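K.L.:
Can you keep this structure in mind? I'll have questions shortly.
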2 protein chains.
Amino acid sequence: MRIGELAERAGTTAKTLRFYEEQGLLPPAERTPSGYRDYAPETAARIDFVHRGQAAGLTLAQIRQILDIRDDGAAPCEHVRDLLDARLAEIEQQIAQLAALRDTITELRRDAAHPEPATCSPDQVCRYL
Amino acid sequence: MRIGELAERAGTTAKTLRFYEEQGLLPPAERTPSGYRDYAPETAARIDFVHRGQAAGLTLAQIRQILDIRDDGAAPCEHVRDLLDARLAEIEQQIAQLAALRDTITELRRDAAHPEPATCSPDQVCRYL
DNA sequence: CTGGACCTTCCAGTGCAGGGGAAGGTCAAG
DNA sequence: CTTGACCTTCCCCTGCACTGGAAGGTCCAG
C-alpha cells in the first residue's frame, strides 16, 4: 500500500505520515524498487493508536514512548497508566485556572456592562480592565 | 528613563519592551542623541495596561486593538466589552472540552487500574487506550 | 584609559503538530 | 508519447509571546 492510500484509510494525510515517520511514531517504511514507501495494512492500526492517544490528550512524544515500549516487546500498561494520571492532573489544573479566569472576566464584564466613556481617563486606557 | 529602568519598574525585561514596540503596543520611543530609547514615566502605565489585558486572557493583538482605539482619541469601552464577551465564550468552551477530556481519561484510567499485560495484543499496542 | 554595565540592531530559536510549495522522479491510461 | 496523478526530498512557514546571543556602540566610575 502506498502512502496516499494508507493516509486515506487512516483518515490523515501523506504529509502527516512522513512527519510521523520522522518523529519515530512509525518505523521507516519498506520501499518499492522505485523508492516509494510501501506499507503493510496493519500500519493503519498503529496510526489509529496514535489518534486514540491524541484523543486522550497525549502529545506525540508521549505516544511515541508507549510505542517504543511496545516495540521493545514489553507491555506499556504501567507507563500508560502513569501518563494518564499525569495528564489528568494537568487537566484538573487547567480547568481550575480557566475557571478562575472566567470568574475574573465575568466580574470585569459586569463592571463594563454600562460603559461610561467619559469616566475613562486616557491614562488608564480603559477603566474596565 | 532608559529601557532597563522602565522594564524594571514595569516588572518586565528590556527585550520584551523592544518586542512590544515592534508589535505596536508601545509607540516608537524617543531617542537620546546617542540613540538610546528614552521613555516618559507614564509609559509604565501603558505597560501595566498590557499586563492587565494579559491577566484577562487577551492576546497581545487584542490588547493592541484597544490601545489603537484609545490612541485614535476614542474610548474603547465597547470594543473591550466585545472582547471580554468573546473571551468568556472561548473559556466556557475550553472548560467544556477539558471536562469532557477529563471524563474520557478518567474512564480510561479506571479500565487501566489493574493492568493485565497478557491480554494486550501488540496489534492494538495497548488495550487501555 | 580601562572595565563593566548598559544600550543598539539583527538573526535565530523555543514548543507543538503539522502545512505549503518547489523541483524532480514514477507509473498507468489514453 | 504525453498527460495527470501520485510519489520523493528539501526547506520554510504557521501562531503565540517571547528569549538567547552575536557584534558593536555609549557612558560613567575608578
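K.L.:
So what's the gap between the Cα centers of the range A:29-59 and the range B:18-74, to the nearest angstrom?
P.N.:
48
K.L.:
Another question, then. Each residue of the range A:62-67 in turn: what ³J(HN,Hα) in whole Hz from Karplus with 6.51, -1.76, 1.60 and θ = phi - 60°, glycine and Pro shown as x?
P.N.:
Residue by residue, the range A:62-67 yields 5, 4, 4, 4, 4, 5 Hz.
K.L.:
Additional query: Could you give me the ³J(HN,Hα) list for the range A:75-87, computed from phi with Karplus coefficients 6.51, -1.76, 1.60 and θ = phi - 60°, whole Hz, x at Gly and Pro?
P.N.:
9, x, 3, 5, 5, 4, 4, 4, 4, 5, 4, 5, 5
K.L.:
Provide the per residue accessible area, probe 1.4 Å, for chain B, rounded to a whole number of square angstrom.
P.N.:
On the way: 7160 Å² over 129 residues.
Each residue of chain B exposes 56 Å² on average to a 1.4 Å probe.
K.L.:
Also, I was wondering about something else. How large is the convex hull of the C-alpha atoms of the protein assembly as shown per residue, in Å³?
P.N.:
Values: hull volume 51.9 nm³, N = 258.
With only Cα atoms used, the protein assembly as shown gives 201 Å³ per residue.
K.L.:
Ordered by residue, what ³J(HN,Hα) values in Hz, to whole numbers, does the range B:42-47 give under the Karplus form 6.51 cos²θ - 1.76 cosθ + 1.60, where θ = phi - 60° and Gly and Pro are x?
P.N.:
Coupling constants for the range B:42-47: 4, 4, 4, 5, 5, 5 Hz.
K.L.:
Here's a follow-up. When Cβ neighbours within 10 Å are restricted to other protein chains, what is their mean count per residue of peptide B:74-85?
P.N.:
Working: counts 1, 11, 7, 11, 3, 2, 10, 9, 1, 4, 10, 3.
So the per-residue partner count for this stretch is 6.
K.L.:
Here's a follow-up. Could you run the numbers on buried accessible area between B and A, total for both chains, 1.4 angstrom probe, in Å² to the nearest 100? It would help to have the intermediate numbers written out before the result.
P.N.:
Values: alone 9190 and 9220 Å², together 14360 Å².
The buried area between B and A, both sides summed, comes to about 4000 Å².
K.L.:
Another question, if that's okay. Near A:His114, within a Cβ-to-Cβ distance under 15 Å, what is the net charge of the other residues, with Lys and Arg +1 and Asp and Glu -1? Can you show the working numbers first?
P.N.:
Details: positive: A:Arg109, A:Arg110, A:Arg127, B:Arg81; negative: A:Glu107, A:Asp111, A:Glu116, B:Glu78, B:Asp82, B:Asp85.
Once positives and negatives cancel, what remains is -2.
K.L.:
Name the residues whose placed amide hydrogens come within less than 5 Å of the amide hydrogen of B:Asp38, ignoring near sequence neighbours (fewer than 5 apart) on the same chain.
P.N.:
Amide H neighbours of B:Asp38, under 5 Å, 5+ apart: B:Glu30, B:Arg31, B:Thr32.
K.L.:
Please report, for the Cα atoms of the range B:51-96, the Rg to one decimal and the Dmax as a whole number; what are they, in angstrom?
P.N.:
11.3, 39
K.L.:
Then there's this: Round to a whole number: what % of the accessible area of chain A belongs to carbon and sulfur, probe 1.4 Å?
P.N.:
Values: 3540 of 7190 Å².
Whole-percent figure for carbon plus sulfur exposure: 49.
K.L.:
In the range A:76-129, how does Rg compare with the Kirkwood Rh, expressed as the Rg/Rh ratio over alpha carbon atoms? Present the calculation step by step, with values, prior to reporting the outcome.
P.N.:
Numbers: Rg = 20.2 Å, Rh = 14.3 Å.
Reported Rg/Rh (Cα atoms, Kirkwood Rh): 1.41.
K.L.:
Summarise the long-distance tail of P(r) for chain B by giving the % of C-alpha pairs beyond 21 Å.
P.N.:
Details: 4907 of 8256 pairs.
Cα-Cα pairs in chain B separated by more than 21 Å: 59 percent.
K.L.:
With label points built 7 Å along Cα→Cβ from the Cα atoms of B:Ala89 and A:Arg18, find their separation and express it in nm.
P.N.:
3.9
The values are calculated or read from the model by the stated rules, or taken from the named source; none is laboratory data. Just so it is clear, the model here is predicted, and its values are computed rather than measured. All Cβ positions, glycine included, derive from the backbone under ideal geometry; neighbour counts span all protein chains shown. Note: accessible area is taken over every heavy atom of the protein model, side chains too, but ligands, DNA and RNA are not part of it. Shrake-Rupley method; radii C 1.70, N 1.55, O 1.52, S 1.80 Å.
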